Every structure is written in C-alpha cells, then in structure tokens.
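The next block holds one structure in the form of structure tokens; read it before the comments.
All of the numbers you see were taken from the coordinates with simple rules; none came from a lab. Keep in mind that what you see is a predicted model, and the values were worked out from it rather than measured. Here the Cβ positions follow ideal geometry from the backbone for every residue, glycine too, while neighbour counts run over all protein chains shown.
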Amino acid sequence: MASCRPPILLAALALLAAWTLAACASQTCHHLDRDRLNLLDQRRPLLTSPNPQRALAALSIHQDALGQMLTDALRAHARSLNQSTPIPGGDLRLTLHVDTLSVVVVDRCDHCLALRGGLSLRFSTRIHGLPILSGSLSGQLQGELPLRLHASSSGSTLTADLGDARIDRVSLDADGLPRAALDPVNAFALDGARALLKAIPTPVTLASWAPIALPGSNLRLSASSLHTFPDRRQIWIGFAANLPANPDPGLSPSPLLAEGEPIALTFTADALTALIAAMMDGDLIPDRLDDDLKPHPEGDYRVTLRAVTPHQGTLKTAFTLWHLPVDGACYAADLEGHAALTVKKAKDRGLRIDLNMDALSVTSTRGDDTLLRVGLWLRSAFLGDTLAAQARLLAADTLALGPLGAQRLSVKRIFAERGAVTLVGDLRPADAP
C-alpha cells in the first residue's frame with residue numbers, strides 16, 4: 001500500500017494546485033469586474049436640465065446661408081401684389097414682387113439682422129382707355145429682421161419671423177417712369193413689400209435640432225445662447241447639455257467659418273465623451289465582443305470608454321478592454337488611440353467621414369495573459385468603427401436646416417483643436433444620398 005502513496009500525494013498536490021489557480025483566477029476576475037463596475041459608477045449623474053452657462057456644442061451659420069434660407073421660404077409662398085391708382089385721364093396699374101432676400105450680420109444687437117431684398121415692379125398706364133406706357137423697375141428694400149432662439153424638451157429652433165420684419169425704406173430704379181407717378185409708385189412699393197412679407201404664414205425655421213435618439217439615456221442638448229460676429233459675417237449658437245460641472249469651461253463664442261463656408265458644427269471633449277458613452281449604454285455602439293472582437297451580446301470581452309479628447313488635429317480616445325469569461329483567465333488593458341479625421345467621397349453615398357487610426361497603444365495592463373491576447377485588440381477595427389458611429393451621429397439628421405427642415409449639413413472639412421472637434425460643410429437637400 002505504501003507504494004501507492006506517492007501517486008496519491010501527487011494527485012492531491014495537483015488538485016490543490018488546480019484549485020489554487022482556479023481560486024486565484026476567480027479572485028482576479030472578481031476584482032477586475034469590480035473595477036469595471038466602479039469605473040462605470042464614477043460617471044457623475046446627469047443634471048435634470050441643461051446648464052445654460054456652459055456651452056458644450058455650437059452651430060455657426062454664415063449670413064449668405066441665412067439669406068438663401070429666407071429666399072427659399074419666400075419662394076415657397078411666392079405671390080404678387082397688384083394695385084390700380086387713378087391718374088389724370090386714366091389709371092396706373094402696378095404689380096410688385098419680392099424676388100430675393102439677404103441679410104447682413106450687424107452689431108446693433110445679438111438677436112437681429114439687417115434685412116435686404118430684391119424687388120421687381122411692373123407698371124402700365126392707360127389714358128382714356130388706351131395703353132400709353134408700360135415697363136418694369138427693379139429695386140431694393142432695407143430693414144431689420146429679428147431672430148428668435150427657442151428651446152424646449154421637444155428640441156431647439158432658430159427662427160426668423162418675416163411678418164415682424166421692419167421695412168425702413170424701398171429704393172427703385174425709376175428710369176422711364178413718369179414724374180407724376182413717382183410718389184404713388186414709391187408708396188405702393190414700400191407698403192406692398194411690407195404686406196408681402198407679412199403674408200408668409202409662419203416664422204421661418206432657419207435651423208432646428210431635434211432631441212438625439214439615445215435609448216436609455218437622458219442626455220440632452222438645448223440651444224442656450226446666440227451671438228453675432230459682424231466682421232466675419234456669421235452667427236454662433238451655443239448649446240448647453242445636462243452634464244455635471246467640471247473644470248472645463250466649455251466653448252467661448254467665436255467665429256469658426258472661413259470665407260465661403262456656410263455652416264459648422266462644434267463639440268467639446270465633454271460632449272463627445274458623453275455622446276459616445278450614451279451610445280454604448282444604448283447599444284448603438286456594442287460594448288460586448290466575442291473572441292474575434294466582433295459584437296456579440298454574450299461575448300467575454302467588454303469595453304469601457306474613459307475619454308475622448310481632440311488633440312493636435314486628432315481624436316485621442318481612451319478605452320479599457322476587459323476579458324471576463326465565465327471560465328478562464330481574466331485580464332484588463334487600458335488602450336489609447338489617435339484617430340485622424342478626413343472627409344472622402346464615397347462611390348454610392350456621396351461624402352463620408354473616415355477615421356484613420358494612426359496610433360493605438362497599450363498604456364497599462366492587469367490580470368493574466370494580457371500581453372499575449374491584447375494583440376487581438378490591436379488588430380481589431382472596433383475603435384475605428386466606434387469613432388465612425390460617433391461621427392455619423394454628429395452629422396446625423398437631428399440637425400435640420402432651412403424652411404421646413406429641407407436641408408442637411410454635408411460635411412466637407414473636419415478639424416480638432418482647442419479641445420473641440422468641428423465639422424464644416426455646406427447645405428444639401430434632405431433627401432439627397
């Protein structure tokens with residue numbers, strides 16, 4: 001019987017070693033999962049409403065784009081005004097159109113624009129029933145147009161009510177018009193221009209921002225401030241979010257558009273991080289992956305976002321990758337990537353935003369077998385897919401431009417600086433690909 005003891009002892013030692021390893025592995029998994037949950041719990045709770053003192057996103061619009069939107073609204077409700085005025089021995093018949101509108105950003109106030117418009121006027125005279133003279137005139141109107149910024153739980157809008165526009169004067173090129181007709185024609189043009197603008201039935205929506213659809217998240221953005229930059233001919237709308245306060249003061253009003261650029265959208269690092277975290281919480285970006293690092297609802301890999309920071313023209317993005325299987329080795333790795341943002345033409349979908357990972361590194365590790373397995377992550381496209389999903393959200397159809405939301409932002413240029421990322425583009429029809 002004594003000869004059997006060594007095998008029994010070895011078997012017992014092997015069982016003890018296996019139990020010890022399993023216990024250690026289980027303890028490692030327990031600690032790492034607790035760390036993961038603690039990292040999630042460190043997110044400060046959202047406020048009940050946006051903090052209007054801190055802008056975390058901004059929309060910049062050039063005055064030419066605003067004028068085009070107003071002209072589109074004018075043409076959607078195009079009409080003319082007719083009048084017949086008695087003159088000695090006959091009558092003067094007039095027809096007035098307001099053809100175009102434009103605006104100029106001025107420093108008189110933050111909530112108004114100088115209004116300009118192009119007029120056309122047709123006239124004809126009849127004396128004793130016979131046509132004597134006819135022709136057409138062109139002219140300009142000048143006045144002031146108030147802007148209104150609205151914010152509610154259903155979204156934010158920037159509107160201009162043409163019915164409330166103040167028309168100060170109308171000037172006509174009156175060559176060819178009889179002198180006796182000058183006064184009645186000028187009076188008709190002034191009153192008629194006012195009447196035609198008042199006839200547009202509703203305030204014109206220049207921009208609207210619907211609530212971002214983030215399942216399970218109460219993250220909200222709301223328009224909070226409006227500023228004008230007359231020397232750069234653009235307006236700036238700040239958006240507040242219901243994120244808790246931190247040392248980041250948010251965005252300061254500043255002109256972002258270069259000459260010829262109609263519109264730009266800017267997000268701070270806080271806003272970017274909150275948006276991506278909310279997308280992950282709402283399963284719009286997967287946070288569980290399988291062994292091939294592909295999305296899987298029961299995958300052993302989990303991902304936690306730590307921060308997104310615009311940095312030297314790139315998006316510096318920090319994640320933690322957790323490997324927490326039911327059985328087997330557990331580990332965690334902190335990863336950091338730098339994504340270069342570019343806009344390229346796509347064959348079938350117009351323009352697209354590309355996020356090219358030019359650097360992805362492991363900054364720290366914990367647990368078993370980490371360095372061997374984390375190489376899988378370095379070869380995965382998950383981070384690029386995540387940033388691409390976030391970029392699609394930034395340029396998504398939550399932002400509608402022009403009357404009745406008929407236009408969208410088409411991104412042409414992206415830059416990251418001063419702790420924010422800005423998407424610059426032009427307007428395209430809402431139904432364009």
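What to note about this one:
- Under the combined filter of DSSP loop state and at most 16 neighbouring Cβ atoms within 10 Å, the stretch 27-77 retains these trypsin sites (Lys or Arg not before Pro): 43.
- Formal net charge of residues neighbouring residue 198 (Cβ-Cβ distance under 10 Å; K, R +1; D, E -1): -1
- When +1 charges are put on Lys and Arg Cβ atoms and -1 charges on Asp and Glu Cβ atoms, the dipole computed for the stretch 78-200 relative to its Cα centre reaches about 280 debye.
- Over 18 Å [Cα-Cα, the stretch 78-200], rounded percent: 56
- Efficiency of FRET between residue 254 and residue 202 - r from beta-carbon atoms, R0 41 angstrom, step 0.05: 0.80
- Once C-alpha pairs closer than 8 Å and six or more residues apart are averaged by separation and normalised to the residue number of the stretch 78-200, the relative contact order reads 21 percent.
- Karplus-derived 3J(HN,Hα) values for the stretch 148-161, using 6.51 cos²θ - 1.76 cosθ + 1.60 with θ = phi - 60°, are 10, 10, 10, 9, 8, 5, 8, x, 10, 9, 10, 10, 9, 9 Hz; glycine and proline are entered as x.
- In this rough spin-label picture, where each label sits 7 Å from Cα along the Cβ direction, the residue 40-residue 83 distance is 7.0 nm.
- Using θ = phi - 60° and Karplus 6.51 cos²θ - 1.76 cosθ + 1.60, couplings along the stretch 312-329 (whole Hz; Gly, Pro as x): 6, x, 10, 9, 7, 10, 10, 10, 10, 9, 10, 10, 10, x, 5, 10, x, 6
- Relative packing of peptides 137-143, 169-175 - highest average C-beta neighbours within 10 Å first: 137-143, 169-175
- Extension gain, residue 329 back to residue 107 (0.36 nm per residue minus Cα-Cα distance, nm): 73.4 nm
- Couplings 3J(HN,Hα) of the stretch 130-136, computed from phi: 9, x, 10, 8, 8, x, 9 Hz, in residue order, whole Hz [Karplus 6.51 cos²θ - 1.76 cosθ + 1.60, θ = phi - 60°; x for Gly and Pro].
- Residues with amide H under 5 Å from that of residue 221, placed H, sequence gap 5 or more: 212
- Inter-label distance for residue 418 and residue 168, nm, one decimal - labels placed 7 Å from Cα along Cα-to-Cβ: 3.1
- When the charge dipole of the stretch 78-200 is built from unit charges on Cβ atoms (+1 for Lys and Arg, -1 for Asp and Glu) and taken about the Cα centre, the candidate among 86, 199, 155 whose Cα reaches farthest toward its positive end is 86.
- Amide proton proximity set for residue 306, modelled H, under 5 Å, gap of 5+: 318, 319, 320
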